[in-house]
Amino acid sequence: MNITDKILELKREKNACILAHCYQNVEIDEVADFVGDSLYLSRMAAKTDADIIVFAGVFFMAQTAKIISPDKKVLLPNKNSGCVMANMINKTQLKEFKEKHPDIPVVCYVNSTAEVKALCDICCTSANAEKIIKSLNAKEVLFVPDTHLGKWSEFQLKSTKVTTYPGFCPTHLKITKEDVLSAREKYPNSKILVHPECHIEVSKLADYVGSTSGIMNYVKESDEHSFVIGTEQGVVDRLKRDYPKKELIPIKEDLVCYNMKFNTLEDIYESLLHEQHEITVEKEIADKARNCITKMLEVV
Ligand code: 13P
Ligand code: SF4
């Protein structure tokens, strides 16, 4: 039996479900039950009646699944898969940030740890940040940890001041204004689509700014033929597979989140076989973090 069949058999035996983020190595889709962006996957984690969730993504995603579904066993195939941005803020840094800006609601990007979520008012993903900020009806909000998503949301909303923590995604920050301008010149008939973790100067020049699913849906729905994609390589790989007749151009080479690529089919098999790399979250932190996540799920 090949590795894919072995995983599928184990999955049936153990009533397990595999969630995979679109930045994963594309072959992982063959064993996944759900593939998508972080919002979609957290919804699926809340919905599934599997006993075990194998989360092919990075640590904060698996941790979010565990917080939403505390009675399920949640496994991270490769324990080294962390998110650089999520690790840019811990609870001490968050407390200091809040003390500097007292009495302002805090919106927490899902790319953060449970202990950070536990100290925030509401969570958001890149697919719903503006909606979540708006739902607070506040003149000002604090936004952690991604400064670029926060600034982009402020620019879009106009009416709310968004004070951001200086976190960032090193993968998306590789995309520069010059990359967009040269893509525009080289591919004048292409639509340029970027993720809101990009620098705001990049987002302002794009034709569309959206989450992973937002970008994938844009290509799916559009009558246009050619697209320049300004996000992680996994999205380009899936778009090329799904829409072979469309022209899909990565805005630059090597836009890879190496942490996302740690998970292999072998890791998935091993984690499911031995039920290893289980995610646990202290109850008190999990309860508070859950409140932050469920508030988001209620709004959207
Ligand atoms: P999505 O919310 O678009 O899945 O993004 C998650 C992420 O980590 C992007 O870098
Ligand atoms: Fe984190 Fe950036 Fe990787 Fe997304 S692409 S998981 S934000 S490091």
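The values are calculated or read from the model by the stated rules, or taken from the named source; none is laboratory data. This is a predicted model, so every value here is computed, not measured. Cβ coordinates were reconstructed from backbone atoms using ideal geometry, including for glycine residues, and neighbour counts include every protein chain displayed. The protein model used for the area step is the full one, side chains on, heavy atoms only, and it has no ligands, DNA or RNA in it. Shrake-Rupley method; radii C 1.70, N 1.55, O 1.52, S 1.80 Å.
What to note about this one:
- When residues of segment 223-249 are limited to those that are more than 23 Å from SER38 (Cβ to Cβ) and assigned to a loop (DSSP other than H, G, I, E, B), the one most open to solvent (accessible area, probe 1.4 Å): LYS245
- Complete set of residues in segment 230-254 that are of a type in the set (A, V, I, L, M) and away from ligand 2 (no atom under 14 Å from the Cβ): LEU239, LEU248, ILE249, ILE251
- Residues in segment 1-41 that are without any contact (Cβ under 8 Å) to a residue 60 or more places away in the chain and in a strand (DSSP E or B): CYS17, LEU19, ALA20, PHE34.
- The residues listed here are THR171, THR212; of these, the one that is surrounded by 16 or more Cβ atoms within 10 Å (Cβ to Cβ), touching a strand residue (DSSP E or B) at 6+ places or on another chain (Cβ under 9 Å) and not acidic (Asp, Glu) is THR212.
Residue by residue, here is whether (1) within 16 Å of ligand 2 (Cβ to nearest atom); (2) among the hydrophobic types (A, V, I, L, M, F, W, C); (3) at pLDDT 95 or above holds:
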{"residue": "LYS139", "(1), (2), (3)": "no, no, yes"}
{"residue": "VAL144", "(1), (2), (3)": "yes, yes, yes"}
{"residue": "TRP152", "(1), (2), (3)": "yes, yes, yes"}
{"residue": "LEU157", "(1), (2), (3)": "no, yes, yes"}
{"residue": "THR160", "(1), (2), (3)": "no, no, yes"}
{"residue": "THR163", "(1), (2), (3)": "no, no, yes"}
{"residue": "GLY167", "(1), (2), (3)": "yes, no, yes"}
{"residue": "LYS177", "(1), (2), (3)": "no, no, yes"}
{"residue": "ARG184", "(1), (2), (3)": "no, no, yes"}
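- Answer from SER203, SER190, SER182, SER222 - the residue that is among the small types (Gly, Ala, Ser) and closer than 27 Å to CYS292 by Cβ: SER203
- Near pairs, Cβ below 8 angstrom, 6+ apart or cross-chain, from segment 255-278 (under 13 Å from ALA62 (Cβ atoms) and of a type in the set (Asp, Glu)) to any residue that is at pLDDT below 95 and surrounded by 20 or more Cβ atoms within 10 Å (Cβ to Cβ): none
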